[in-house]
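A short write-up of the structure that comes next.
The values are calculated or read from the model by the stated rules, or taken from the named source; none is laboratory data. Note that this is a predicted model, so its numbers are computed, not measured. Cβ: placed from backbone, ideal geometry, glycine included. Neighbour counts: every protein chain shown.
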Amino acid sequence: MGLDAVDLVLCIEEAFGIEIAVEDYGGLKTVGQLHDYIVRKSAFPDDDVWESLRSVIVRTLHVQPEEITAQTRFIEDLKLD
């Protein structure tokens, strides 16, 4: 996991009060999959998770909000390794 990916995971864990296991993160290929994971692991309502998650990704990776959809892939689209 590269530095950008580690930074993103840490920011998400802090924002949602959850811990993302390394073995779980490896299986999360899209923003939608990460969203579903956070919904299962946290007490946040579904709609709140999406907006907050999108905000964290935009802020952490310096991308435009319109680049973030449920189908956005971390490696191919956001260039995380």
Ser55 passes all but one of (1) touching a Cys at 6+ places or on another chain (Cβ under 9 Å); (2) of a type in the set (Ser, Thr, Tyr); (3) more than 19 Å from Lys79 (Cβ to Cβ); which number fails? (1)
Out of curiosity, is Phe16 modelled with pLDDT under 95 and in contact with a helix residue (DSSP H, G or I) (Cβ under 7 Å, 6 or more places away or on another chain)? no
State whether one or more residues within segment 41-63 are among the hydroxyl-bearing types (Ser, Thr, Tyr) and over 12 Å from the mean Cα position of the chain (by Cα). yes
Filter segment 34-68 for residues that are acidic (Asp, Glu) and either over 26 Å from Asp81 (Cβ atoms) or touching a Phe, Trp or Tyr at 6+ places or on another chain (Cβ under 9 Å) (or both) and give the result. Asp46, Asp47, Asp48, Glu51
